[in-house]
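This report concerns only the one structure given below.
The values are calculated or read from the model by the stated rules, or taken from the named source; none is laboratory data. As the structure is a computational prediction, the values presented were derived from the model and not from experiment. Cβ atoms come from the backbone with ideal geometry, glycine included; neighbour counts cover every protein chain shown. Heads up: the accessible areas ignore ligands, DNA and RNA and are worked out on the full protein's heavy atoms, side chains in. Shrake-Rupley method; radii C 1.70, N 1.55, O 1.52, S 1.80 Å.
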Amino acid sequence: MEISNNPRPNDVQPTALRRMTFIWMFTMLTLFPVLLVLGFFMRALQANFMSKLQPEWFYAVLTLHGLGMVGIWYVGSMAGVSYLLGRYVRPSLAISKVAFGATLLGVVLLLACTLIGRMGVGWYFLYPLPLHSKGVWPPWATGAFLGSLAVFGVGWTLWSLDLLRAIAQRYSFSAAMAWHYLKGRSEPEVPPLVLIVTVSMVSALAGFVAAVVVLVLYVAEWLGTGFTNDALLMKNLTFFFGHVLVNITMYLGVAMVYELLPAYAQRPWKTNKVMALAWNTVLFLVMFAYLHHLYMDFAQPHWLQYLGQIASYMISVPAAVVSIFGALVLVYGSRMRWNMVSLLLCFGVMGWAIGGVAAVIDSTVAVNVRFHNTLWVPAHFHTYYLMGVVLMILGFASYLGEERGQLAERMGLTKLTVSLIVVGGYGFLLMFYYGGAHSVPRRYASYPQEVAQGAAYARLALVFISALLLGVLLYLWDTGRRCWRSFSVSS
Amino acid sequence: MPQEQVFYFFIVLAVVIATVFVAVGWSTRQAREVHSGPAYKLRKFFFVGLSVIFLGLLAVTLPRTPYSAEISSPDRIVHVVGKQFAFALSESPISTEKEWEEGTYAAPVEVPAGTSVEFRVTSLDVNHSFGLYSPGHHLIAQTQAMPGYVNRLRVRLEEPGRYTVLCLEMCGMDHHKMRAVMDVK
């Protein structure tokens, strides 16, 4: 299979890197259906099934589901780009192992504080909620929660730094950022993967710095020193970190599409001036887009609110014009080899586009005042997450399974699997969107009478989640056996 | 209801995007050469078109934010204080936990229809969110209730009936039960 920007005669990566990537994918794909079932559980509670269960379980599971999903797809995208970067540079296997160990430890702490400690603070642990348990979670759970975030942060920061180090060994910073393309030069050739990973890792480091500051400020108050934090500052730091992390996951998924899709379309997709300009613009705008999370904090300086809307609108232009349009042109009229990998990558780009539209709508201040913290919010981020970057990463995992082509793909099974995922996924999302349009709040263990229709939407969502879950299980079975065979061959 | 209009607008755009993707996928049934010239022209058109649309939307929507001074001098001021897991609404300032507790048991605040109200919203513990629902149970306005800050939300309450306040920021185990009411006669 010919790959664009072909740097090495043999695309298959060294055995040790392949093995580590398989371990990452195995871990991620084991946790995925578990976290999906937790999502089913929450919608079942909202549908008034299991109504005798204490509501704190809903919030604890919500925390585990949210942080778990954000975490597994972040490491999944990092593992994917690390593997593909191996075509050009040499990321450290040792650092990947350190990140893996940190991730496992963080997961154990997270499981303990949510499922044993019943800590229910959401993925964003908005200050000062972790310090106000109302007797639901014990102090050790707060410590374990902050500890898990610290462990994730250390492991993932090291991993990000290592990818930048690996890139720097072959490309200068200006070359990796493709600045020479802006001056009209195309030498040295920089693959889009390298450009996007560089942009993403620089953003990631900025986000991790904010996360460290948040954790330090939390610990300072938690230790009972009498120090009290500023709620607005903590909110800005938290959403900056959270928004950047989620955006980066998306960009890393897109980087994999840039790297893999050309081989299936049998056309090149190379860095050019417009692409360089677009991704450099993204690096700048991603620093300000998070501000849309704080529109309803009227105490925030108003110019920051306006900046948030402008940045949120403008960041979608390079994404839509360069990456989404570029993917469509790449595929249009090509000799496309349709299979599980290419279908998932293309549906992933489509989910990014549709979710992006919903996100831009919600990033309009005048609209946000009627949509903020309704079901519209999980609707749009599940669209570009579940139907976007998750499909891209699942596409990458399938690519691992077919890289050595040991088991032939059954196209009938592939079509059934993808159909179940797409129909189930979008049906599930539609219930979120419809609920948001009818003012149903998000993050409610059960619905009060004013928004009681939310329970009916949740029941319908359960039908679609069941189809999605079935599709995911089929995917895991099929991809799992193909990956296993491929792994056996490479070991 | 504006939310429904936004929903259907989004659905139309989503269907258009899905149709484009399906059409592009379908085009691969018959392979053909794609010349870069027309593709670049189309991309330029797409870029300019999208930028113009966004700039137009910014020009139309930015003056309509809830911070703009559409209501320069409100008829009434209502103090709102959130605390796990109730809101207290009062036309008198609430600054202590005792006043908050009394406020949670007090009779609902009542204003005449057409009154412009400034809600001064804060919290005594964690972040909450003051979500104001119309008598028809549509979310009409909201602002965060944040410890250490007072957010001022100005709304004209035209429709008579009972308005419900729901907490829209996750605040603990009984977040979904946190509420208050006020009446517009």
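Mind counting the residues in segment A:249-284 that are aromatic (Phe, Trp, Tyr) and under 24 Å from residue A:308 (Cβ atoms)? The qualifying residues number 3.
Checking every residue in segment B:34-48 against the condition of being under 26 Å from residue A:262 (Cα atoms), among the hydroxyl-bearing types (Ser, Thr, Tyr), at the interface with chain A (Cβ under 7 Å from one of its Cβ atoms) and touching a helix residue (DSSP H, G or I) at 6+ places or on another chain (Cβ under 9 Å) gives zero matches. Counting only residues that are at the interface with another protein chain (Cβ under 7 Å from one of its Cβ atoms) and surrounded by fewer than 21 Cβ atoms within 10 Å (Cβ to Cβ), segment B:126-139 holds 2 of them.
Going through (1) modelled with pLDDT of 95 or more; (2) open to solvent by 10 Å² or more (accessible area, probe 1.4 Å); (3) within 9 Å of another protein chain (Cβ to nearest Cβ) one by one, residue A:322 falls short only on (1). Given the criterion more than 14 Å from every other protein chain (Cβ to nearest Cβ) and either in contact with a helix residue (DSSP H, G or I) (Cβ under 7 Å, 6 or more places away or on another chain) or at pLDDT below 95 (or both), identify the matching residue among A:108, A:89. Among A:108, A:89, only A:89 is more than 14 Å from every other protein chain (Cβ to nearest Cβ) and either in contact with a helix residue (DSSP H, G or I) (Cβ under 7 Å, 6 or more places away or on another chain) or at pLDDT below 95 (or both).
State whether one or more residues within segment A:308-315 are surrounded by fewer than 23 Cβ atoms within 10 Å (Cβ to Cβ), out of contact with any helix residue (DSSP H, G or I) (no Cβ under 9 Å at 6 or more places or on another chain), within 13 Å of another protein chain (Cβ to nearest Cβ) and in a helix (DSSP H, G or I). There is no residue in segment A:308-315 that is surrounded by fewer than 23 Cβ atoms within 10 Å (Cβ to Cβ), out of contact with any helix residue (DSSP H, G or I) (no Cβ under 9 Å at 6 or more places or on another chain), within 13 Å of another protein chain (Cβ to nearest Cβ) and in a helix (DSSP H, G or I). Here residue A:227 qualifies as among the aromatic types (Phe, Trp, Tyr), open to solvent by 40 Å² or more (accessible area, probe 1.4 Å) and without any contact (Cβ under 8 Å) to a residue 12 or more places away in the chain. If the condition is being over 17 Å from residue A:484 (Cβ atoms) and of a type in the set (A, V, I, L, M), then segment A:408-426 contributes A:411, A:416, A:418, A:420, A:421, A:422, A:423.
Conditions tested, residue by residue: (1) acidic (Asp, Glu); (2) more than 10 Å from every other protein chain (Cβ to nearest Cβ); (3) in contact with a strand residue (DSSP E or B) (Cβ under 8 Å, 6 or more places away or on another chain).
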| position | (1), (2), (3) |
| --- | --- |
| A:418 | no, yes, no |
| A:421 | no, yes, no |
| A:425 | no, yes, no |
| A:432 | no, yes, no |
| A:439 | no, no, yes |
| A:443 | no, no, no |
| A:459 | no, yes, no |
| A:463 | no, yes, no |
| A:471 | no, yes, no |
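Taking (1) facing chain B (nearest Cβ under 9 Å); (2) open to solvent by less than 20 Å² (accessible area, probe 1.4 Å) in turn, residue A:366 satisfies each apart from (2). Scanning segment B:70-93 for residues that are farther than 19 Å from residue B:148 by Cβ and touching a residue at least 60 places away in the same chain (Cβ under 8 Å) yields B:70, B:71, B:74, B:78, B:85, B:86, B:89. Of all the residues in segment A:129-145, those that are surrounded by fewer than 20 Cβ atoms within 10 Å (Cβ to Cβ) and either in a helix (DSSP H, G or I) or in contact with a Pro (Cβ under 7 Å, 6 or more places away or on another chain) (or both) number 4. Residues in segment A:287-307 that are under 18 Å from the mean Cα position of the chain (by Cα) and open to solvent by 20 Å² or more (accessible area, probe 1.4 Å): A:287, A:290, A:293. Among residues of segment B:29-43 that are open to solvent by 70 Å² or more (accessible area, probe 1.4 Å), those with a Cβ under 9 angstrom from a residue that is not in a helix (DSSP H, G or I), sequence gap 6+ or separate chain, pair up as B:30/A:333; B:32/A:332; B:32/A:333; B:32/A:334; B:33/A:333.
For segment A:368-407, the set of residues classified as touching a Pro at 6+ places or on another chain (Cβ under 8 Å) and of a type in the set (A, V, I, L, M, F, W, C) consists of A:369, A:375, listed by residue number.
Among residues of segment B:96-119 that are under 18 Å from residue B:179 (Cβ atoms), those with a beta-carbon under 6 Å from a residue that is open to solvent by less than 50 Å² (accessible area, probe 1.4 Å) and small (Gly, Ala, Ser) at least six positions away or on a different chain give the pairs B:100/B:88; B:103/B:88; B:103/B:90; B:104/B:86; B:104/B:88.
Taking segment A:268-286 as the range and being within 15 Å of residue A:201 (Cβ to Cβ) and either among the aliphatic types (A, V, I, L, M) or surrounded by fewer than 20 Cβ atoms within 10 Å (Cβ to Cβ) (or both) as the test, the residues that pass are A:280, A:282, A:283, A:286. When segment A:331-348 is filtered for residues that are more than 7 Å from chain B (Cβ to nearest Cβ), assigned to a helix (DSSP H, G or I) and open to solvent by less than 10 Å² (accessible area, probe 1.4 Å), the ones remaining, listed by number, are A:340, A:341, A:342, A:344, A:345, A:348.
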